[in-house]
1. For Thr204, list long-range residues whose amide hydrogen, built 1.01 Å from N in the peptide plane, is under 5 Å from its own amide hydrogen.
2. If you average the sequence gap of Cα pairs under 8 Å that are 6 or more apart and divide by the length of the stretch 239-300, what percent do you get for the contact order?
3. Calculated FRET efficiency, Thr169 and Leu127, Cβ-Cβ r, R0 41 Å, to nearest 0.05?
4. Quick check: pseudo-label points 7 Å beyond the Cα along Cα→Cβ at Ser56 and Ala112, how many nm apart are they?
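Readers should treat all values here as calculations from the given coordinates under stated rules, not as data from a laboratory. As the structure is a prediction and not an experimental result, all values here were calculated from the model. Virtual Cβ from ideal backbone geometry, glycine too; neighbours counted across all protein chains shown.
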Amino acid sequence: MDFRIPNLNDPQPISHDANFNKPCNKRRRSCIVPLTSLQETIFKGLLDDLVIAIQSNFVPPSGPLPSILKVFQNLVDSLSLSLGDKADLLAATELNITAYEQSEEWSTALIAATQQTLTELYSLSLLACVSSAVKDNWTSTIRLAETNLADITGAVPPVVDTGTVLSFTSGFGPMDLSLNGRSGLPTGGVIIGSGFQSRNISITSDDSTANIAIILADSLGGNNYAFSMPHGGTLNSITASFTLTSPPVLIRSPITIQAQLCRSAPNASPYSPCTTIPGAIVSLIPSLSGNSSGLTCQGSLDGLSIPLNPRDRLVVVFTASSAPNSLTNPTDIFGAGAASITIGGMEGTPPSNEKIIPFASFSPIFNQFGNRHFKNLHSAPRAAAGHLYG
């Protein structure tokens, strides 16, 4: 027997377990661009916006495509990309923005630049670290945008409605749209008229923000901006835009601006709320996220056939909303708004030669009879088919 003390330098026996000869299970990386859940939400929303913006009814240089791409650039800056990949994405979108803003129509160069942007987005979606279902949804949406782009060259220009077009613009000073960060619902909206806007007026809404209620005649006064329909008609379209005028602010969770046409029944009390007309609400694109200073979002609804009754009181209201629990977002969004609505004749009635002129005062109106003053609630010149509300 060998009683020699073992030397630590002697070779040691190697023991093997049962798994020694099995190959290593190396996990192959199927993605290289990680995204947070918020970044996924923003990217999905931008792809949906692209499908809407890449259509023949948006004729360059007017249209929301440049603003959508600017929000996408904000998203690219926040992603963990190599410098080269980030440069390629930013260069493609910047070229697309420039081509759109310098075009008078969907030119060959603009279509090529837009296709290059979609190709870059397709590559990004394939490399994103998301589930297969999410990735399939993204690529399908991009393919739909490409289909829209291919259809533009042979598209027939949209038919211009011959009804009355009423235009509304905000005045001097920004509109103040407020929302609740915890619920994401709007808390205050703004009515726009012809070169003026209301202050922030308290509103209520349902959980979907598709139906708001706003009371014009409140204790503070000075809100009765509604105009009334002189005769029946049909709402054919609504178009709106909103431009941020506030100082640069970081918006983490997307905020959506909405414009809606609200109505109060002819015989309702002035203290009764005006509520959203079903189907007469347009969500403006893109939603605001990242550094959105100076961004313009737009939207339109065409092909509507919504009846409007004689003496309906109407107002155009702007609101802002976001996803619930967006506590890091600002609770007030400031900007300038504009909208237009097209009203045609009512089906089954003879056409009217009267034009609708949306008179609405932004300060109380008084008529003096002797020593008494009466607030004028229903007064309009005979030449105008509208009503004043003080």
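1. Ala213
2. Working: 112 pairs, mean separation 32.8, N = 62.
That works out to 53 percent.
3. Values: r = 44 Å, r/R0 = 1.07.
Efficiency for this residue pair is about 0.40.
4. 2.3
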